[in-house]
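The values are calculated or read from the model by the stated rules, or taken from the named source; none is laboratory data. Please read these numbers as outputs of a predicted model, since none were measured by experiment. Here the Cβ positions follow ideal geometry from the backbone for every residue, glycine too, while neighbour counts run over all protein chains shown. Side chains are part of the model used for accessible areas, which takes the heavy atoms of the whole protein and leaves out ligands, DNA and RNA. Shrake-Rupley method; radii C 1.70, N 1.55, O 1.52, S 1.80 Å.
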Amino acid sequence: MYDLIIRQALRTDGSLTDIAIQDGKFAAIGTLAADATARQTLNLQGKVYASAGWIDSHVHCYPKSPIYHDDADLIGVACGVTTVADAGSTGANDVDDFYQITRVAKTNVYAFLNIARTGIVTQNELADMTQIDKVGVRDAIARNPGFIIGIKARMSSSVVGQNGIKPLVRAKEIQQENDDLPLMVHIGNNPPNLDEIADLLTSGDIITHCYNGKPNRILSPEGVLRDSIKRALSRGVRLDVGHGSASFSFEVAELAIKQGILPHTISSDIYCRNRMNGPVHSLATVMSKFFSVGMTLTQVIDCVTSHAADALRLPAKGRLEVGADADLTLFEQRFAPQVFVDSEGQSVKGESLLVPLAAVVAGVTLLTEEGKSAHVF
């Protein structure tokens, strides 16, 4: 007797599989015996995809943040996303409060800790170097093991003021003093120059907003990948989308992907305003945009499952394997003309849209609004 059996789930390679869940873990995957029983059974009839639970590795969901805030479940399970990582909304001052708030969420919530003690209370949190308190960061990480999964530094001119590259140098020191946690680095307008930033990064570090359309972007004026980014990628640095309100260009993404420069992770940089008013709306919307710039369904799903779990160092998530956490996203790919808009206001026509029907978190099924009206449930 399993807790949940999902039969005839469609995988991204077109094959069908059964999935059995017990005690919050995947217990069996493949073809289950016809007489296998469970407390709940869903038969997807080969019409609905099931992937490991989607992970949005760059969101903003600390509800008390004055600038970028949202509710974890509105951007998480309500949108078919089982796990989110907040990207620096909080610093050492308020990460404990953030942790307590997330304990009631149905979505799995993790945090990149902002190296500035206040987090993003203002837009220029790294313009004052005294905001970067190494001891405060160390103690916050020690108080929140398993919740703080990395550190965040926003390295654009509006954030760092006159400090240039110095906050990133400090961030790398903090990283080395705290078990080499993943470091996510926001890139935007210079100074500092992207070459300076890239040359400091090491294996496992994450460049977010990788396809932004600003002059300080990963492509040269001639449209080829900067040498500094080539070197960084060869060292194991990862590229994250971090779409957001001002950080995704269809033109840059298409040029990069045509050269084989695919994102390691697709994330939304979602918060309440760009969720409700666009251009983000949801992780599924962001994912769907990548069909228009040359990526396949399998590539897109990998970016929000196994690749994201690797980047966040969450080995029990992101994989449809026996023994892994029983997080699933059940979704459809609907084919109809679409118009997608990037952060530059440019629109691109698409032909398909990913529509999440349910999030399964630790074996518990949570239907989205679309899922509530779906015939399979």
Residue under evaluation Asp128, criteria (1) of a type outside the set (Ser, Thr, Tyr); (2) more than 15 Å from Ala85 (Cα to Cα); (3) open to solvent by 30 Å² or more (accessible area, probe 1.4 Å); (4) in contact with a helix residue (DSSP H, G or I) (Cβ under 7 Å, 6 or more places away or on another chain), criterion not met: (4)
field: Residue that is nearest to Ile141 (Cα to Cα) [pool: residues in region 87-108 that are in contact with a helix residue (DSSP H, G or I) (Cβ under 7 Å, 6 or more places away or on another chain), open to solvent by less than 10 Å² (accessible area, probe 1.4 Å) and outside any helix (DSSP H, G or I)]
entry: Thr90
Residue within region 250-269 that is at pLDDT 95 or above, under 18 Å from Val81 (Cα atoms), open to solvent by less than 10 Å² (accessible area, probe 1.4 Å) and of a type outside the set (Val, Ile, Thr) present: yes
- prompt: If a residue has to be open to solvent by 10 Å² or more (accessible area, probe 1.4 Å), farther than 16 Å from Thr12 by Cβ and not aliphatic (A, V, I, L, M) to count, how many in region 270-291 make the cut?
  reply: 10
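Filter region 37-56 for residues that are touching a strand residue (DSSP E or B) at 6+ places or on another chain (Cβ under 6 Å) and part of a loop (DSSP other than H, G, I, E, B); which is surrounded by the most Cβ atoms within 10 Å (Cβ to Cβ)?
The extreme case among them is Gly53.
Kindly provide the set of residues from region 13-32 that are closer than 18 Å to Asp3 by Cβ and either hydrophobic (A, V, I, L, M, F, W, C) or open to solvent by 40 Å² or more (accessible area, probe 1.4 Å) (or both), ordered by number.
Residues satisfying the conditions are Ile19, Ala20, Ile21, Gln22, Asp23, Lys25, Phe26, Ala27, Ala28, Ile29, Leu32.
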task: Go through region 292-332 and give me each residue that's open to solvent by 50 Å² or more (accessible area, probe 1.4 Å), part of a loop (DSSP other than H, G, I, E, B) and among the acidic types (Asp, Glu).
output: Glu321
statement: Of (1) out of contact with any Ser or Thr (no Cβ under 7 Å at 6 or more places or on another chain); (2) touching a residue at least 12 places away in the same chain (Cβ under 8 Å), Ile187 satisfies every one except (1)
